[in-house]
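To start, the structure under review is shown below, and the notes come after it.
The values are calculated or read from the model by the stated rules, or taken from the named source; none is laboratory data. Treat the numbers as computed from the prediction; the structure is a model and nothing was measured. When we count neighbours, we look across all protein chains shown, and the Cβ atoms used for this are built from the backbone with ideal geometry, even at glycine.
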Amino acid sequence: MRFEILPGLPSYGPPAISLTERGEHEFREGLVVRFYPKNSDPWVGNFLGGMADYSTVLDHPNGTDVVVVAWGNTCIIDPEYHVIRDRVAPDTWRAIPVPSLGLVVFQGVVDFSVVRSDNSRWTSPRISWDSFRKINVHESKLTGEAWTPIGDAWVPFTLDLLTGSCTDGIYEMDMARASHVTRIVD
């Protein structure tokens, strides 16, 4: 085991390290995670997170780092040095490991982000007006439905997990059909 989610801040031992935007100046409890690094003593991190109703902790595809999603706020942790290596997304609603491709997909409210085993990343273009459903991963493609307010409809899309390209995102299609309105002032 490389990490575990704790039910709260430990009442004894070294204090938890606050890993937030404001750093050590945060004093409230968040998502509490104990890390078990290979080359140093175990330690506890406290992650305050964002606004989404989703939290999880998972192995980074590089096999060294750990991905922490605390109420949507997603970051990559270096457990050996007790630091945030990178911030991925502020609004993750779901994390989908894809070991066959060596990556993790992060579903946001209107787009997707990916972190690969070589630490490279991409973020898709905006695909939806607001939310997704019926998400499925098959080989190197992610499929699902994106919402559009035009007709209050759910429209299918396909996302290439290797490149981040999406040619059938409803948001881009709706914007391409939009008419430019010029206001004439008397």
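Remarks
- Residue match in the stretch 93-106 (condition: part of a loop (DSSP other than H, G, I, E, B), modelled with pLDDT of 95 or more and either among the aromatic types (F, W, Y) or touching a Cys at 6+ places or on another chain (Cβ under 9 Å) (or both)): yes
- Being at pLDDT 95 or above, buried (at least 17 other Cβ atoms within 10 Å of the Cβ) and within 19 Å of T56 (Cβ to Cβ) is a condition met by no residue of the stretch 145-156.
- Qualifying residues in the stretch 127-136 (those that are in contact with a helix residue (DSSP H, G or I) (Cβ under 9 Å, 6 or more places away or on another chain) and hydrophobic (A, V, I, L, M, F, W, C)) - the one surrounded by the most Cβ atoms within 10 Å (Cβ to Cβ): I127
- A count restricted to the stretch 44-62 and to residues that are without any contact (Cβ under 8 Å) to a residue 40 or more places away in the chain and over 18 Å from V105 (Cα atoms) stands at 6.
- Any hit, the stretch 101-109, residues being surrounded by fewer than 17 Cβ atoms within 10 Å (Cβ to Cβ), in contact (Cβ under 8 Å) with a residue 12 or more places away in the chain and within 16 Å of R121 (Cα to Cα): yes
- Whichever residue in the stretch 157-179 is in a loop (DSSP other than H, G, I, E, B) and in contact with a helix residue (DSSP H, G or I) (Cβ under 9 Å, 6 or more places away or on another chain) and, among such residues, is surrounded by the most Cβ atoms within 10 Å (Cβ to Cβ): L161
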